[in-house]
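Peer 1: What follows is a single structure, and I will ask about it in a moment.
The values are calculated or read from the model by the stated rules, or taken from the named source; none is laboratory data. Small disclaimer: the values here were computed from a predicted structure and weren't measured. For neighbour counting, all protein chains shown are included, and Cβ atoms are generated from backbone atoms with ideal geometry for every residue, glycine included. With ligands, DNA and RNA removed, areas are computed over all heavy atoms of the protein, side chains included. Shrake-Rupley method; radii C 1.70, N 1.55, O 1.52, S 1.80 Å.
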Amino acid sequence: MQQTHIQDLPSLIELRQAIHQNPELSGAETKTAELIKAQLQKYEPAFILSQVGGTGVVAAFESEAPEAGPTILFRSELDALPIVEDNPELKYKSGNNGMAHLCGHDGHMAILMGLASLLHTNKLKKGRVLLLFQPAEETGAGAWDMLQDVRLQQLQPDYVFALHNLPGRSLHQVVVREQVFASASTGMIVELLGHPSHAAEPENGLNPGEAMAEIILAFNKIISQKEQFEDLTLLTIIHARLGEVAFGTNPGFGTVMATLRSYQTQDLQKLKTLTAQQVKEIAQKYGLTYKISFVEEFPATVNDKEAVQLVRQAAANLELEVQEAVHPFRWSEDFGHFTAKYKGALFGLGSGSTQPQLHHSNYNFPDELIPTGATLFHQIVKEILHP
């Protein structure tokens with residue numbers, strides 16, 4: 001494996017660990033963004049944009065003639081997860097109760113900062129490179145919000161790239177896939193409203209409990225009929241609530257929540273339609289009013305063939321192992337908003353076969369990946385600008 005030397009790698013590791021120790025949740029990454037801006041200024045970008053789509057940061061590295069070449073965008077995420085960390089041996093474990101970087105976004109930020117270091121010491125001869133630090137990836141809101149910012153729209157990238165570390169894969173292995181790389185998904189909230197009564201007089205109330213049970217069974221039946229979908233489609237009931245804990249009350253409201261997920265965006269839309277129809281019919285059967293809402297919507301991340309080939313070629317030139325993913329990944333990534341608008345690719349970088357899985361309480365990003373990811377990003381720049 002070949003790597004371009006990153007002169008200040010120790011400071012990047014220190015940055016990653018400082019971010020890990022001070023996690024912030026989706027949409028509230030203010031201090032993280034300030035830390036990123038301060039570090040970026042050391043590398044003298046042409047300009048830095050702040051508060052893009054919320055707390056987002058964009059740094060531009062330009063040649064003397066940026067319009068004479070393509071604009072290439074690389075993205076990392078700013079946000080942590082609302083999960084308690086279980087890494088007692090870490091000297092830099094989370095200092096913010098109930099939140100932690102258990103997906104590796106701290107490492108992704110350090111990788112992008114490593115690219116900034118390489119761009120600082122290896123000046124561009126043409127074109128422009130944008131480093132985008134995005135808020136709220138975990139909720140699916142950040143990419144969309146950044147893309148609505150006029151300042152980013154004016155920069156119009158020709159290519160967009162992002163990586164995600166992959167536990168369970170060999171360290172430094174590059175995982176690519178054309179077309180769908182990560183699934184589409186959304187959270188579905190079904191609210192049912194009847195009216196309460198005394199528990200001693202249930203006949204005087206309208207309890208949505210039976211309707212809730214029927215909705216859950218109907219959802220499970222829909223998802224079991226796999227032949228009606230083009231590709232893998234999943235539905236997971238993640239929460240149900242009936243009234244309050246009060247033994248003297250016959251409850252008058254209930255909530256059912258589910259995660260809908262599919263490889264294909266059209267399958268997700270079909271699943272939304274089918275489940276909504278069942279809710280309507282069951283609510284009407286029991287005389288209930290209802291409300292359906294969808295939250296945390298992620299489109300499928302669809303990779304461009306040319307962009308994936310650029311990743312393959314860059315990895316080959318660095319003598320990195322490349323693995324073709326047979327199937328898309330079941331998890332979702334809001335980078336799909338970027339690849340829906342611009343030519344680009346999301347790819348994986350193996351973080352070790354024994355590494356705890358993403359979102360597990362004992363996950364910790366391996367610092368050995370920082371130079372690998374940064375060098376690979378830089379090689380992609382060279383593949384595009386100096387083929």
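Peer 1: Condition check: crowded, with 24+ Cβ neighbours inside 10 Å, polar (S, T, N, Q) and not in a loop (DSSP other than H, G, I, E, B). Does residue 375 satisfy that?
Peer 2: For residue 375, the condition - crowded, with 24+ Cβ neighbours inside 10 Å, polar (S, T, N, Q) and not in a loop (DSSP other than H, G, I, E, B) - is not met.
Peer 1: Right, something else. Being among the charged types (D, E, K, R) and assigned to a loop (DSSP other than H, G, I, E, B) is the filter here, so list the residues in region 18-47 that pass it. Let's see the steps before the verdict.
Peer 2: First, the residues of region 18-47 that are among the charged types (D, E, K, R): 24, 29, 31, 34, 37, 42, 44.
24, 29, 42, 44 - these are the residues of region 18-47 that are among the charged types (D, E, K, R) and assigned to a loop (DSSP other than H, G, I, E, B).
Peer 1: Right, something else. Considering region 118-134 alone, what residues qualify as being touching a Leu at 6+ places or on another chain (Cβ under 9 Å) and either in a strand (DSSP E or B) or open to solvent by 10 Å² or more (accessible area, probe 1.4 Å) (or both)?
Peer 2: Narrowing region 118-134 to residues touching a Leu at 6+ places or on another chain (Cβ under 9 Å): 119, 124-134.
Listed by number, the residues that qualify are 124, 125, 126, 128, 129, 130, 131, 132, 133, 134.
Peer 1: Filtering region 220-241 down to residues that are touching a residue at least 24 places away in the same chain (Cβ under 8 Å) and of a type in the set (Asp, Glu), which residue is surrounded by the fewest Cβ atoms within 10 Å (Cβ to Cβ)?
Peer 2: 230
Peer 1: Return the total of residues in region 48-60 being open to solvent by less than 50 Å² (accessible area, probe 1.4 Å), closer than 19 Å to residue 105 by Cβ and in a strand (DSSP E or B).
Peer 2: Selection size over region 48-60: 6.
Okay, residues lined up against (1) of a type in the set (D, E, K, R); (2) surrounded by fewer than 20 Cβ atoms within 10 Å (Cβ to Cβ); (3) within 22 Å of residue 160 (Cβ to Cβ):
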residue: 14; (1), (2), (3): yes, yes, no
residue: 19; (1), (2), (3): no, no, no
residue: 28; (1), (2), (3): no, yes, no
residue: 31; (1), (2), (3): yes, yes, no
residue: 36; (1), (2), (3): no, no, yes
residue: 46; (1), (2), (3): no, yes, yes
residue: 70; (1), (2), (3): no, yes, yes
residue: 80; (1), (2), (3): no, no, no
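Peer 1: Taking into account only those residues within region 259-300 that are without any contact (Cβ under 8 Å) to a residue 24 or more places away in the chain and farther than 24 Å from residue 205 by Cβ, which is surrounded by the fewest Cβ atoms within 10 Å (Cβ to Cβ)?
Peer 2: Taking the candidates together, the pick is 273.
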